[in-house]
Each structure stands twice: as C-alpha cells, then as structure tokens.
Amino acid sequence: MPVGKSPVLDVSGRRPHDPSRRGAPPRRGGFGRFAGRVEAATPPGRDRAVDALRAFAILGVVLGHWLVTALVAEDGELHGASPLQHLPLLAPVSWAFQTLAVFFLVGGHVATRSHAAAQKRGVSYGAWLRARLVRLFRPVAAVLVLWTVAAGCLLVSGTDYDTVHTLTKLALSPLWFLLVFAGLTAATPLVSRVSPLWPLAVVLHVDIVRFGLGGPAWLGWINVAAGWLVPYTLGAAWTRGELTRRSGRVLLGGGAVATAALVLWAGYPASMVGVPGAPVSNLNPPTLAAVTFGLAQCGLALLVREPLGRWLRRPAAWAAVAFVNLSAMTIFLWHQTAMMAVTALGLLAGPLPGLHTVPDGPAWILARLAWLPVFALGLAVCWAAFRAHEQGGRRASRGGSLVVRGEGGGRG
C-alpha cells in the first residue's frame, strides 16, 4: 500500500465495494433491475402464491390451445383439427393444460376480497364493478377491431368463407370465458356466501336429465354458469378462511376419484377439452366430469400454495410471475392470433409439418413442439403492439406500481 494511503472503511468497518476488484459481483442486467424494482414495490403482506396460480392458469390455457389446436391446409382452405381426434391416448395432455377452474378459484377469491375491501372504504358496488369490468374488457376492443377489419379484408380478397369463419372463431373463442367471468364478478355480492355444493348439485341434476333421462341438449348450457360457479364460490370460501390444507386434500382426492369414475363407468369423455366431431364435450358446455376435475385442480392449488409462496420469495421468480399477471389479458386474448399469424406466414413456404398437416401421429407432435417457440415469438410481437390497451397506456416500469397493483391477488 502506498505511503500515506489507508483503506477507507464504511460504518461497519468493511471495505466498500470496488467493482474493479477481482471477484466482484457483476452488475445486474435488465431483468435483474426489473426484478429488483418489482421486489421493492411489493407490499410485505402480499400473497404471491395467488398471482402465481393465476399465471399458471393463463399459461396452461395458452399452451393447451397451442398443443391441441391445428389448422390443416387442404385444397386452398384452412380448417380446424385436433390431435385428440386421431390420437385419443393424448387425452392426459388436456388434464395438464385445462386449468380454467384454477382461474375461477383465484378470481372468486380476489373478487370477494376486493369487494369487501371496497365496502370498508365506502366505495359503492357500481363503482367497484365498473372499475373491475373496465380492467377486464379494455383490451377486448383492440381484438374486436383488428379481427373485424381482418375478416372483412379476407372476404373481399376472395378468401373462402369457411376459412374466414374458422380463423375468426379461433381468434374470438377466448371471449366466451370473459363473458362468464364478468357475469360471476357482477354477482359477487350475491354468491359470496353461497356454498359450492349448490351449483354442484345443479350441474349434477342437469347431467342426470340430459344424459340419463334423455333430456334436451340445450339444458347443458345451464352448466356454463353453474359449472364455473363451483370454483368461484370455492374462492369465496377461501376468502372467508374456510379452506384448509385438509380441504385441499379432500378436494384433490374426492375430485380425482369422482372424475375417474365418471370417465370409466359413466361414459364421460376422457379429454377435458372439446374434440372436433365428438358427440359430447366436457367443456362446451361444462359437464359434471369437468367440474369434478376442476375440484381436484382446486384442491391441488390449495396444497401447493404455501410452498409456492416460499419459492416466490426469490426476486427473479416473483418478477416473472408479476410480469405474466401484468400482461395476463393480453396473453390470453392474443395467443390464438399469434398462432394463426405464424400459420398464415408459414403457408408462404408451403404446407409445413406440425403447422399445416393433419395431426395424426408422433411426427406431428414433435413438429408442433418445435413450433411452440415461434408461436411465443409471435405472441411477444402481439404483446409489444397491444399491451398498452391492458395497462391503460401507462408504463409498467413507472415505479413498479402496476406490477403489484391490487388486482393481483393479495390485497384485492
């Protein structure tokens, strides 16, 4: 050490950090800085596992659609198909990616908590509902405008009507979910104290009349409300503190056993998503098997909540979950459009395996898995173009506030 120089110590008596020293930790990159901002902006009492469950549900739907939805090019037309038509042994794939029950569980929990908090603050029901529906439907306008223009341009250019119908139906199919969710949100004050057994009983009786007694098929549409009300009211029971780890075990075990019995002995389809050409769909409208399967998923969600919360104390993991939640509606609304855009551009190179071919074998599955990163890239383009519609034109980086806003799951 040179004469007259002495090491400068901080208040703890240690040398201050010198980036030029060998072994010094590298500066954090862009995601590291983002994770730090998110961590700093997150309230200490936030239930991060709720946000993670919602992110899991959204990503499950996206991956499920990308894996089981095919657009086959034949005779200059595109028509929808599914590998589940040709490979029924793939039905377990639908068990992993049909995650809507978890979304309704979290939605019921967050909505009832949010409404109770709004009442304490003196916020009227109308103002509370208006704020939630605006957040829910703000991104929808962009989807409707784009596909209205796109459908018109395709028809004017001479594209076959059936092709336009197939594409538009796929692009707008996520909207049914939003309508159901909006209806349940509006009914939150009425259903917040309803036992899940009541809507479950409705689903049971509808299926008995429909399948056991030969009743009209239209009765099944009653289950669109009743079926998704089951996990939604479970979420309300969660808010009331009525769901414990024991409840999770009962729901998981009972739901799994009931679903297996319905599939093996009652003739319900094994797939938990619709299969083109199948006489019965478990999802459209929901059947008793879809509801019992959802109960098992909700039980599993309750069981993993605590370990998930501990894992999310890692800033990088929590930042990824927060980012998905911030962009949840954009991801959900545009993932089908991203897939179709890649499919349409691929036609310029001719029919491509896993993209335009019939999904009838292992080769198609391997090829489709290889296309998933390309679909994700297309979705990233859609996200960059349309995320402002979800965020109300505000930047997520502004103080990190949007990343951890009350819509997320901890504080309602």
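The values are calculated or read from the model by the stated rules, or taken from the named source; none is laboratory data. Predicted, not measured: the structure shown is a model, and the values here were computed from it. Ideal geometry is used to build each Cβ from the backbone, glycine not excepted, and the neighbour counts take in all protein chains shown. Protein only, heavy atoms only, side chains kept; ligands, DNA and RNA dropped before computing areas. Shrake-Rupley method; radii C 1.70, N 1.55, O 1.52, S 1.80 Å.
List of remarks:
- The phi torsions of region 98-107, fed into the Karplus equation with coefficients 6.51, -1.76 and 1.60 and a -60° offset, translate into couplings of 8, 10, 5, 4, 5, 5, 5, 4, 5, x Hz, rounded to whole numbers, with Gly and Pro shown as x.
- Gaussian network model of the chain, Cα within-10 Å springs - most flexible of Ser247, Ser82, Ser271: Ser247
- Along each principal axis, taking the top coordinate minus the bottom one, the Cα set of region 232-339 gives 46, 41, 21 Å in descending order.
- Between Val381 and Ala186, the FRET efficiency from the beta-carbon distance, with R0 = 41 Å, is close to 0.75.
- Averaged per residue, the chain has 50 square angstrom of accessible surface, using a 1.4 angstrom probe with ligands and nucleic acids left out.
- Only protein heavy atoms count here; on that basis, with a 1.4 Å probe, Asp360 has an accessible area of about 90 Å².
- Computed label-point distance, nm, for sites Arg245 and Tyr125 using a 7 Å Cα→Cβ extension: 3.8
- Under a 5 Å amide H cut-off, with hydrogens placed 1.01 Å from N, Ala270 pairs with nothing among residues at least 5 apart or on other chains.
- Accessible carbon and sulfur surface of the chain relative to its total accessible area, %, 1.4 Å: 67
- Highest GNM mean-square fluctuation among Arg121, Arg387, Arg46, for the chain modelled with Cα contacts below 10 Å: Arg121.
- Under a Gaussian network description of the chain, with springs only between Cα atoms under 10 Å, the residue in Val358, Val273, Val203 that fluctuates furthest is Val358.
- Convex hull projection area averaged over all views, region 269-327, Cα basis, nm²: 5.8
- Across all Cα atoms of region 311-365, the radius of gyration (one decimal) and Dmax (whole number) stand at 16.9, 48 Å.
- Separation of alpha-carbon centers, region 66-105 and region 303-323, rounded to whole Å: 29
- Euclidean distance between Cα centres, region 350-366 to region 116-150, Å: 40
- The per residue volume of the convex hull around the alpha-carbon atoms of the chain is 205 Å³.
- Acute angle (nearest 10 degrees) that the helix 222-239 long axis makes with the longest principal axis of the chain, alpha-carbon atoms: 30
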